[in-house]
Amino acid sequence: MRRGLVVGNWKMNGSLDFIDNWVSQYTSFMKTNTETAICPPFVYISFLRNRLLDSALDIHVGAQDCSIHDDGAYTGEVSASMLRDISCSYVIVGHSERREYHSESNKIVALKAQKVIDVGLLPIVCVGETLREREEGRTKEVVLSQLEAVLSVIGAEKLAAGALAYEPVWAIGTGKTATPEEAQEVHKFLRDSVKSRNPKAAGNLRILYGGSVKPSNAEKLFACPDIDGGLIGGASLKAKDFYAIAQAASSVEFID
Ligand code: PGA
């Protein structure tokens, strides 16, 4: 049995006023059974966390990235232990925007996941193919190499403590969502790949779908047997939409 997980990735969006409004709006909704987390830009993590605590909202905070280094002369970087200091629960690693704009290789993503685990936080490891890779029929080959790189460093059990996110690059921020069938096929493939190493971990692993998830398509996606929740970009900026997506995940029973 896996509990649904819905994570908001605010990317480089937000402000103090924005967070105030978002939290105020969210407090008017009823509690959901889904586990939820929001990953704002680094500078707002503490402010958001305090606002959530003040409002007695049970939403975790997380970060969108971390450094492969522990400390030292790495201008602009933020280490995993710093994120633990400010009470982050989750850290996203290997988002396609990091892979694309910051040239993060599979190896770097695996090192980041290791750093997150070393300090006791939970990684959300992103994998996903580009449109070109999909058109060339290479989706499974690409996501498998991204997954294997991480598994070979942290192992299946540690990955299962966090989450895996399948985010087809062509679906991120484009309004084009993978169909539930397309997403389920890849999610099942990913779970089977983990299963071949460690069946128990594969059963516990939450695999999130990301890429233009909205209140209108969330329920059908989360109804698929291997889709355990979502990594939500644009729609997480609207408290109402994020809540509706979290609710969609709470109405689904995840059975191994
Ligand atoms: P999107 O982003 O929901 O805006 O497509 C998802 C993500 O990049 O995590």
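Of the solvent-accessible surface of the chain, computed with a 1.4 Å probe over protein heavy atoms with every protein chain present, carbon and sulfur atoms account for 52 percent.
P(r) tail, the range 4-71: Cα-Cα pairs separated by more than 17 Å, 42% of all pairs. Binning the alpha carbon pair distances of the range 129-180 at 5 angstrom intervals from zero yields the distribution 4, 18, 23, 21, 16, 13, 4, expressed in whole percent.
Among 90, 44, 74, which one moves the most in a GNM of the chain with springs linking Cα atoms closer than 10 Å? Maximum fluctuation in the GNM of the chain, among the listed residues, is at 74. Its Cα gyration tensor gives the range 184-256 an equivalent ellipsoid, and the semi-axes of that ellipsoid, as √(5λ) in whole Å with the largest first, are 24, 11, 10. Spacing of the modelled spin labels on residue 132 and residue 192, each 7 Å from Cα toward Cβ, amounts to 2.8 nm. The alpha carbon centroids of the range 1-50 and the range 83-133 are separated by 19 Å.
Can you check how the C-alpha radius of gyration of the chain compares to 2.2 N^0.38 Å, as a plain ratio?
Numbers: Rg = 16.9 Å, N = 256, 2.2 N^0.38 = 18.1 Å.
Computed over Cα atoms of the chain, the ratio equals 0.93.
Among 125, 93, 43, the largest mean-square fluctuation in a Gaussian network model of the chain (Cα springs under 10 Å) belongs to 43.
Can you tell me the alpha carbon radius of gyration of the range 1-133 divided by the globular rule-of-thumb value 2.2 N^0.38 Å? All intermediate terms of the calculation are to be shown ahead of the outcome.
Numbers: Rg = 15.4 Å, N = 133, 2.2 N^0.38 = 14.1 Å.
After normalising by residue count via 2.2 N^0.38 Å, the value is 1.09.
Taking label positions 7 Å along the Cα-Cβ direction at both residue 157 and residue 220, the computed distance is 4.0 nm, reported to one decimal. For the chain, a Gaussian network of Cα nodes joined below 10 Å ranks 24, 79, 196 by mean-square fluctuation, and the top entry is 196.
Inter-label distance, residue 102 to residue 27: 3.3 nm, where each label sits 7 Å from its Cα along the C-beta direction. A dipole drawn for the range 115-183 from +1 and -1 charges on Cβ atoms has a positive end, and of 156, 123, 171 the residue lying farthest that way is 123.
The values are calculated or read from the model by the stated rules, or taken from the named source; none is laboratory data. All figures in this text were calculated on a predicted structure; none of them were measured in a lab. Positions of Cβ are generated from backbone atoms using ideal geometry, with glycine treated the same way; all protein chains shown enter the neighbour counts. Protein only, heavy atoms only, side chains kept; ligands, DNA and RNA dropped before computing areas. Shrake-Rupley method; radii C 1.70, N 1.55, O 1.52, S 1.80 Å.
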